[in-house]
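Reading through the structure tokens given below for one structure.
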Amino acid sequence: MPGDRLAPGIRLVHGASAGRLRRLPGVRWVERNRRFRPSSIATPTDPFFGRQWALRSARVRGAWRSTIGGDVPVAVLDSGVDFSNPDLAPNLWTNRAELPGNGVDDDGNGFIDDVHGADTVGWDGDPADGLGHGTAVASVIGARGDNGFGISGVAWSVRLMPVKVVHDQGWATTATMVAGLRYALSNGARIVNISLNGPDSSQALDEAIGQAEQQGVLVIASAGNDAANRDRVPSYPASVRSRAVITVASATRAGWRQARRTGAAASTSPLRARTCSPASWAGAAPRAPAHPSPRPT
């Protein structure tokens, strides 16, 4: 029998017709050498992936062929995270220097039992989400993909480090944000997401972001929900002048940009990114409803 032996009784034959092969003595069956694609990457099993038009618009499926996030620690400075959510629980960052549940600040960083993040509002180790916004943001970033539940995050296997800086009433302060950013930087975050906006600049926040720049950490800042030109109407931390800051606007499904241009320092900082991403549908992963970006005071 001609061809390459694949397994006992099975050969791969090139350049012969199926009819000719079937007429050969001893041949039981003939079929094409068909192509298969990695279905999980092309179309994850998450039931609401079909509604996530934003992922298709951003062409993230092409990126998934190269990476689904690795184990990169991503700090989410927001209202906390719902730890019981099965789309988020497998991707939570763990503080290896802290022993869970012993009521002791094992690593001496000022937060007791901060096993999976910290709360700079109540100054404890429990960043449980009392608002819903942080859970929604974390889901867009890193909801577990291809697990047959909820939605797909952009990065399926990142390590989400929730840092609660937003009060349950829906506002953060300079103090909670700066403390939260310092916590993230001291615990190895490589990317920090801040989907918060306020009209006033802060020297304390500038210096904390300056530390992120020195450590080579990216700070992803929301351009806000006011459809304003950030070059003309600053909003912080989106308008902080730093090479570390990437300010991200959003677009509707029709492609209309909520913020037509982003980044007050775009013309002077060569590593500053102007970028617009589709607004992501995150309704499946959060158990609480999503809210507009809280405005820190």
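Points to keep in mind about this one:
- Condition check for residue 257: at pLDDT below 95 and touching a Cys at 6+ places or on another chain (Cβ under 9 Å): yes
- Evaluation of residue 114 against the conditions (1) in a loop (DSSP other than H, G, I, E, B); (2) under 21 Å from residue 54 (Cβ atoms) shows that the sole unmet condition is (2).
- Checking residue 104 against (1) in a loop (DSSP other than H, G, I, E, B); (2) among the aliphatic types (A, V, I, L, M); (3) out of contact with any Gly (no Cβ under 9 Å at 6 or more places or on another chain); (4) touching a residue at least 12 places away in the same chain (Cβ under 8 Å), the condition it does not meet: (4)
- Region 18-43, subset in a helix (DSSP H, G or I) and under 30 Å from residue 153 (Cα atoms), residue modelled with the lowest pLDDT: 39
- The residue list 77, 92 contains one member that is touching a helix residue (DSSP H, G or I) at 6+ places or on another chain (Cβ under 6 Å), buried (at least 17 other Cβ atoms within 10 Å of the Cβ) and within 17 Å of residue 189 (Cβ to Cβ), which is 77.
- Hey, residue 176 β-branched (Val, Ile, Thr) and in contact with a Ser or Thr (Cβ under 6 Å, 6 or more places away or on another chain) or not: yes
- Matching residues in region 228-253 - criterion: being among the aliphatic types (A, V, I, L, M), touching a helix residue (DSSP H, G or I) at 6+ places or on another chain (Cβ under 8 Å) and in a loop (DSSP other than H, G, I, E, B): 240, 244
- Residues (surrounded by 24 or more Cβ atoms within 10 Å (Cβ to Cβ) and among the β-branched types (Val, Ile, Thr)) located in region 159-179: 163, 165, 166
- One residue stands out among those in region 72-101 that are in contact with a Pro (Cβ under 7 Å, 6 or more places away or on another chain) and not in a loop (DSSP other than H, G, I, E, B): the one that is nearest to residue 216 (Cα to Cα), which is 76.
- Looking only at residues of region 180-208 that are polar (S, T, N, Q) and farther than 21 Å from residue 72 by Cα, we find that the one that is surrounded by the most Cβ atoms within 10 Å (Cβ to Cβ) is 197.
- Restricting 228, 244, 265, 223 to residues that are modelled with pLDDT of 75 or more and over 22 Å from the mean Cα position of the chain (by Cα) narrows the list to 228.
- Pairs with Cβ under 7 Å, 6+ apart, first in region 1-12 and in the same structural domain as residue 30 (by TED's automatic domain parsing), second modelled with pLDDT under 70 and part of a loop (DSSP other than H, G, I, E, B): 11/1; 11/3; 12/3
The values are calculated or read from the model by the stated rules, or taken from the named source; none is laboratory data. What you are looking at is a predicted structure, and each value in this text was computed from that prediction instead of being measured. With ideal geometry, Cβ positions are generated from the backbone for all residues, glycine too; neighbour counts draw on all protein chains shown.
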